[in-house]
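Accompanying notes for the structure given below.
The values are calculated or read from the model by the stated rules, or taken from the named source; none is laboratory data. What you see is a predicted model; the values in this text were computed from it and never measured. With ideal geometry, Cβ positions are generated from the backbone for all residues, glycine too; neighbour counts draw on all protein chains shown.
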Amino acid sequence: MKMLLGGEWVERREVIEVRNPYDNSVIDTVPKGNREDALKAIEAALQGFQEMKKLTAYERYTILSKAAQILESRKEEMAQMVSKEVGKTIKEARGEIARAIQTLTLSAEEAKRLAGEGVRFDGAPTGGGKVGLYMRVPLGVIVAITPFNFPVNLAMHKIAPALAAGNCVILKPASATPVADLLLGEIFLEAGVPPLAFQVVTGPGSEVGDTLVEDERVKMVTFTGSRDVGKTIMKKKGYKRATMELGSNSAVIVCEDAQLEKAFPRVVLAAYALAGQVCISVQRIFVHESIFDTFVERYVEESKALKVGNQLLEETQVGPMIEPKESQRVKDWIDEAVAAGAKLLCGGEIDGALMTPAVVTHCPRNVRLFTAEAFGPVVIINPFSTFEEAIELVNDSVYGLQAGIYTRDLYKAWEAAKEVEAGGIIINDVPTFRVDLMPYGGMKESGIGREGPHYAIEEMTEIKLICFDVN
Ligand code: NAP
């Protein structure tokens, strides 16, 4: 596919091959954009902003609503592409597209709601005779940099609120999964977005991404990806806004009074969905010692029953990871944990990018499987004896995206809500729960700022005060 630069579909001599992680076959190629392309995109976006400024809120609402309709009409084609390039199962891919339609629709609605409020100037000793208000105005050019795991919905969480608020967007998709994002380019153009207001520039993050991040004409970088790349961007971005949606090693506490019937199979699916490559995958489960053995036995049984394989087959439950080097990395981390005293109860066998769901118990707290983001189909289950210990275990992480707790005890639920260091705490469900309208984002090294169209728009606009002296 070509890339969408300056309102045109353009090719480059050098290309990036996009591969199906299951069998390594080439699905498509995309241009390997470079620094000059990134600079061209910024110039075009600056012009596009003049067009965006002329649109009314109703016009922006109409364009986004139309994009939602077009995405709906192309949803199976989009799901097939996402499944092929990411390796997620076709069912997971359909779920992602359905959510992206929600994200678009929510953003369209927000376009009409975006307003300011009156300011009570005369409440100040020197404010008599003044009346006025503040408005929220767009920032200008926003750069969106996205990861491989949810190419459509996570890009949508940036593109749609940015356009709803009247900004221009340059999207730099992950090089492993750019094709569905280019298809989004077709959809937005057909929906009537001014051609220079939305561009998709493919190419290496280290060149295209870097150039976009460093340019002073860009007013904001909205990034979703790994903590390390996020930190690099924060150092390079200079005087511009940034939101960072980064990784995590999310935990769930299962108390002795948990409704296990409710917890299963959620706790199992949440560890292995998208082969564990979800930023809020369940990686660490802390189970009260009194129910530990029963819990682990059932967990292993359900993990072993999952069908691993070709993601495009309807019956597959766990597809491949993004590439074989990643399944090998996770295997190495499991081996390291086992060498340090952990027990591997099932799974962890690899075949190319596929890995069978792995359950590790009694994992020491100083190995990578515990401390870092595994981002693979592996889960740690460790016992705890006191509730305070469970909270301490959850907080023993540099990350803090979301956490979960299963309990019927109101005191414990509220205590966890107060004490757990995470952007969201999910009571009686897994940390992996997300609907697209909620405020979503991390504390600690899991990120800065919040997404969810209503909240993203706040990050993507600034306040302009208007004051009249009516004396
Ligand atoms: P990644 O390696 O950090 O890449 C993310 C994006 O950053 C890609 O588009 C990449 O481009 C680009 N990039 C790389 N180096 C760059 C640089 N120097 N300057 C600017 N951009 C650069 O992440 P990933 O492996 O695709 O995704 C997995 C990570 O994303 C996990 O850590 C996961 O937890 C996190 N994630 C977080 C959330 C959330 O909402 N909190 C959601 C999903 C995923 P190239 O592909 O060209 O290198």
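Give me the residue from region 253-267 that is touching a residue at least 60 places away in the same chain (Cβ under 8 Å) and either acidic (Asp, Glu) or crowded, with 21+ Cβ neighbours inside 10 Å (or both) and, out of that set, farthest from PRO357 (Cα to Cα).
Ranking the qualifying residues of region 253-267, first place goes to ASP257.
Which residues, counting only those in region 93-127, are outside any helix (DSSP H, G or I) and without any contact (Cβ under 8 Å) to a residue 40 or more places away in the chain?
Within region 93-127, the first condition is being outside any helix (DSSP H, G or I), and the residues that meet it are 114-120, 124-127.
Within region 93-127, ALA115, GLU117, GLY118, ARG120, ALA124, PRO125, THR126, GLY127 meet the criteria.
Can you go through LEU393, LEU401 and tell me which one is more than 20 Å from TYR272 (Cα to Cα), under 27 Å from the mean Cα position of the chain (by Cα) and not small (Gly, Ala, Ser)?
LEU393
For region 236-252, what are the residues that are surrounded by fewer than 17 Cβ atoms within 10 Å (Cβ to Cβ) and within 10 Å of the ligand (Cβ to nearest atom)?
Within region 236-252, LYS236 is the sole residue that qualifies.
Just one of the numbered conditions (1) touching a Pro at 6+ places or on another chain (Cβ under 7 Å); (2) of a type outside the set (Lys, Arg); (3) surrounded by fewer than 19 Cβ atoms within 10 Å (Cβ to Cβ); (4) over 17 Å from LEU189 (Cβ atoms) is not true of ASN34; which one?
Here ASN34 meets the rest and fails (1).
Name every residue in region 296-325 that is of a type in the set (A, V, I, L, M), over 30 Å from THR407 (Cα atoms) and surrounded by 19 or more Cβ atoms within 10 Å (Cβ to Cβ), in order of residue number.
Across region 296-325, the qualifying residues are VAL308, MET321, ILE322.
Select, from LEU64, LEU55, the only residue that is of a type outside the set (Asp, Glu) and over 26 Å from the mean Cα position of the chain (by Cα).
On the way: LEU64 fails: over 26 Å from the mean Cα position of the chain (by Cα).
Being of a type outside the set (Asp, Glu) and over 26 Å from the mean Cα position of the chain (by Cα) holds for just one of LEU64, LEU55, which is LEU55.
Which residues, counting only those in region 20-37, are assigned to a strand (DSSP E or B) and either touching a residue at least 60 places away in the same chain (Cβ under 8 Å) or on the phi > 0 side of the Ramachandran plot (or both)?
The answer is ILE27, ASP28, VAL30, PRO31.
Here's the yes/no breakdown for (1) assigned by TED's automatic domain parsing to the domain that holds LYS219; (2) within 30 Å of LEU354 (Cα to Cα); (3) over 21 Å from the mean Cα position of the chain (by Cα):
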| position | (1), (2), (3) |
| --- | --- |
| LYS91 | yes, yes, no |
| ILE97 | yes, yes, no |
| GLN102 | yes, no, no |
| SER107 | yes, no, no |
| ARG120 | yes, no, yes |
| ALA124 | yes, no, yes |
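Go through GLU445, GLU415 for me and flag whichever is over 15 Å from SER281 (Cβ atoms), touching a residue at least 12 places away in the same chain (Cβ under 8 Å) and within 12 Å of the ligand (Cβ to nearest atom).
Answer to the check: GLU445.
Please pick out the residue among VAL221, VAL229 that is near the ligand (Cβ under 10 Å from one of its atoms), of a type outside the set (Gly, Ala, Ser) and not in a helix (DSSP H, G or I).
Just one listed residue meets the conditions, VAL221.
Looking only at helices (runs of 4 or more DSSP H) that lie completely in region 319-395, which have at least 1 residues being among the basic types (Lys, Arg) and more than 15 Å from the ligand (Cβ to nearest atom)?
324-339
In the set ILE70, ILE90, ILE42, which member is within 16 Å of the ligand (Cβ to nearest atom) and either touching a residue at least 60 places away in the same chain (Cβ under 8 Å) or on the phi > 0 side of the Ramachandran plot (or both)?
ILE42
Does THR177 meet the test of being assigned by TED's automatic domain parsing to the domain that holds PRO138 and either more than 7 Å from the ligand (Cβ to nearest atom) or under 22 Å from GLU458 (Cα atoms) (or both)?
When the stated conditions are applied, THR177 passes them.
I'd like the residue in region 51-61 that is closer than 10 Å to PRO194 by Cα and of a type outside the set (D, E, K, R) and, out of all such residues, is surrounded by the fewest Cβ atoms within 10 Å (Cβ to Cβ).
LEU55
Restricting to region 216-228, name every residue that is surrounded by 19 or more Cβ atoms within 10 Å (Cβ to Cβ) and either farther than 30 Å from VAL267 by Cβ or not polar (S, T, N, Q) (or both).
VAL218, LYS219, MET220, VAL221, THR222, PHE223, GLY225, ARG227
Regarding region 275-295, can at least one residue be identified that is surrounded by 16 or more Cβ atoms within 10 Å (Cβ to Cβ), on the phi > 0 side of the Ramachandran plot and either touching a residue at least 60 places away in the same chain (Cβ under 8 Å) or within 16 Å of the ligand (Cβ to nearest atom) (or both)?
Within region 275-295 (the criterion being surrounded by 16 or more Cβ atoms within 10 Å (Cβ to Cβ), on the phi > 0 side of the Ramachandran plot and either touching a residue at least 60 places away in the same chain (Cβ under 8 Å) or within 16 Å of the ligand (Cβ to nearest atom) (or both)), the answer is yes, since at least one residue qualifies.
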